[in-house]
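**Student:** Input: one structure, supplied below.
Each reported figure results from applying straightforward, stated rules to the coordinates on display, with no laboratory input. Predicted model, so just to flag it, every value in this text is computed and none were measured.
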Amino acid sequence: MWGWWTRPPLRKPHRSWMNLVERFCRDLTEDAVRDGSFASVAELVRAIEGYLAERTLTPKRYVWKAAGRDILLKINRARAAAGRIVRSGTPPDR
């Protein structure tokens with residue numbers, strides 16, 4: 001599994017991107033799906049499409065709150081860890 005996950009061109013999705021996807025799914029669930037009782041799949045689809053249409057009308061810009069220096073330090077740590085993985089062929093201990 002580890003070899004497949006790290007082999008080019010397949011890479012792990014960038015964590016910040018995954019966080020946004022997870023947040024979107026959470027918002028969709030909380031705002032459009034969880035409280036609803038749907039008689040059919042078509043009704044559920046309409047609820048999701050309505051949520052997406054409303055969200056598109058009032059978009060909210062994502063504001064990055066991390067400091068640039070902290071981001072660069074994290075990138076450097078990740079590159080160092082990746083170098084250790086490539087050289088050893090095994091994932092690091094957690």
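**Student:** Can you give the extra length, in nm with one decimal, that the chain gains between LEU73 and GLU22 once fully stretched, where that is 0.36 nm per residue apart less the Cα-Cα distance?
**Tutor:** That works out to 15.9 nm of additional length.
**Student:** Find how much the distance from ARG84 to GLU54 grows on full extension, using 0.36 nm per residue of separation minus their present alpha carbon separation; answer in nm with one decimal.
**Tutor:** Details: separation 30, 0.36 × 30 = 10.80 nm, distance 4.67 nm.
Value of the extension gain: 6.1 nm.
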